[in-house]
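Q: Starting off with a structure, shown below.
The values are calculated or read from the model by the stated rules, or taken from the named source; none is laboratory data. The model shown is predicted, which means the values in this text are computed figures rather than measured ones. Here the Cβ positions follow ideal geometry from the backbone for every residue, glycine too, while neighbour counts run over all protein chains shown.
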Amino acid sequence: MVLYFSATGNTRFVAETLGAAMNDSVLDLLSRIRENDISAICSKKPFVICSPVYVSEMPRFLMKFLKKVPLHGNRKVYFIFTGAGYSGISAYIGKKLMQKKDMDVMGYEDVPMPQNYIVSNLFSQATEEDIKNTLARVQKEIPLIAEKIRRQFPLKPCNAPLPERVLTIPFNPVWTRLMQPTKKFYATAKCIGCGKCERICPLRNIILTNGKPHWQHSCAHCMGCIGSCPKEAIEYGSITKHKTKYHLTKFLTEHPK
């Protein structure tokens, strides 16, 4: 079974493409994360966990969920990471989580996807051509990964050098606290009060008041709200005003939204 969380469509695309290639079921974890639903998940086939990468780690809310949820049936687990090409210590952390569940960790693969972190000018946005080229590459890569998993071959070992772990583990919470504020998020006059941003926030951080979204104190900067708004009515200060509000479904022609 393929399990995934996706905020802007990148991980969903990889998970669904992988599931189709393996003829395996695919489970979106968003509602379970939002509702703290930790009822057991069962699979006769190996578990494949597809995750984005936030600040060189798996999203912390996803790690918290995986730590709690029982995984029954097959004891093998694979990880697929969909960052911009570097997953940091994500695989190492995933391995530690799964080993505590007595799972047999079979390795990981990185599947680089388009950059979606638009609330910072530190990263350049992918062009439409870049995105289409990425999708074409991924559609060639996924069947190869799927075949390895189908045969239960190992992928890359889930290791991380000690210096990287020493730097990343304490750095992540500091970055999250100082560099991921919510006060800059706001809805423009284009907002129609549909509540989609509220419904998709994995941390239940967005509350609709008088038909307008308001952001609370906890935020993972997953880009789900700003990328999914049907009217592109959400901005982050002045940084995003002239940027494309990224969601992968806007660029898909051969796959349903």
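Q: Here is a list of conditions, (1) touching a residue at least 40 places away in the same chain (Cβ under 8 Å); (2) not in a loop (DSSP other than H, G, I, E, B), and LEU178 meets all of them except one; can you say which number that is?
A: (1)
Q: Is segment 155-169 home to any residue that is surrounded by 15 or more Cβ atoms within 10 Å (Cβ to Cβ), among the polar types (S, T, N, Q) and within 19 Å of ASN116 (Cβ to Cβ)?
A: no
Q: Take segment 18-41 and flag every residue that is under 15 Å from the mean Cα position of the chain (by Cα) and either among the hydroxyl-bearing types (Ser, Thr, Tyr) or not assigned by TED's automatic domain parsing to the domain that holds LYS101 (or both).
A: Within segment 18-41, just SER31 meets the criteria.
Q: If I ask for residues that are β-branched (Val, Ile, Thr) and either surrounded by 16 or more Cβ atoms within 10 Å (Cβ to Cβ) or within 24 Å of SER56 (Cα to Cα) (or both), which ones from segment 170-218 would you list?
A: The answer is VAL174, THR176, THR182, ILE200, ILE206.
Q: I would also like to ask the following. Starting from residues that are free of Cβ contacts under 8 Å to residues at least 60 places away in the same chain and either in contact with a helix residue (DSSP H, G or I) (Cβ under 6 Å, 6 or more places away or on another chain) or buried (at least 23 other Cβ atoms within 10 Å of the Cβ) (or both), keep the ones in segment 68-82 and report whichever is farthest from THR168 (Cα to Cα).
A: VAL77
Q: Identify, from the list ILE80, ILE142, ILE131, the residue that is at pLDDT 95 or above, within 23 Å of GLY227 (Cα to Cα), outside any loop (DSSP other than H, G, I, E, B) and within 20 Å of the chain's Cα centre (by Cα).
A: Step by step, each of ILE80, ILE142, ILE131 is checked, and only ILE80 is at pLDDT 95 or above, within 23 Å of GLY227 (Cα to Cα), outside any loop (DSSP other than H, G, I, E, B) and within 20 Å of the chain's Cα centre (by Cα).
Q: Another question about this same structure. Residue under question is LYS183, and the condition is that it be in a loop (DSSP other than H, G, I, E, B) and of a type in the set (D, E, K, R); does it hold?
A: So LYS183 passes the test.
Q: Can you name the residue in segment 24-50 that is out of contact with any strand residue (DSSP E or B) (no Cβ under 9 Å at 6 or more places or on another chain) and acidic (Asp, Glu) and, of all such residues, is nearest to PHE153 (Cα to Cα)?
A: Out of the qualifying residues, it is ASP37.
Q: Does TYR86 satisfy the criteria of being closer than 27 Å to PHE171 by Cβ and either part of a strand (DSSP E or B) or among the acidic types (Asp, Glu) (or both)?
A: No.
Q: Now, a different point. Is there a residue being among the hydrophobic types (A, V, I, L, M, F, W, C), farther than 23 Å from PRO59 by Cβ and not in a loop (DSSP other than H, G, I, E, B) anywhere in segment 95-113?
A: No - not one qualifying residue is present in segment 95-113.
Q: Do any residues in segment 42-64 that are not assigned by TED's automatic domain parsing to the domain that holds ILE80 and of a type in the set (Phe, Trp, Tyr) have Cβ atoms under 7 Å from those of residues that are surrounded by 20 or more Cβ atoms within 10 Å (Cβ to Cβ) and modelled with pLDDT of 95 or more, where the two are at least six apart or on different chains, and which pairs are they?
A: Once the first residue is not assigned by TED's automatic domain parsing to the domain that holds ILE80 and of a type in the set (Phe, Trp, Tyr) and sits in segment 42-64, no partner that is surrounded by 20 or more Cβ atoms within 10 Å (Cβ to Cβ) and modelled with pLDDT of 95 or more comes close enough.
Q: Please work out which residue is modelled with the lowest pLDDT, limiting yourself to segment 167-216 and to residues that are within 19 Å of ALA233 (Cα to Cα) and of a type in the set (Ser, Thr, Tyr).
A: THR182
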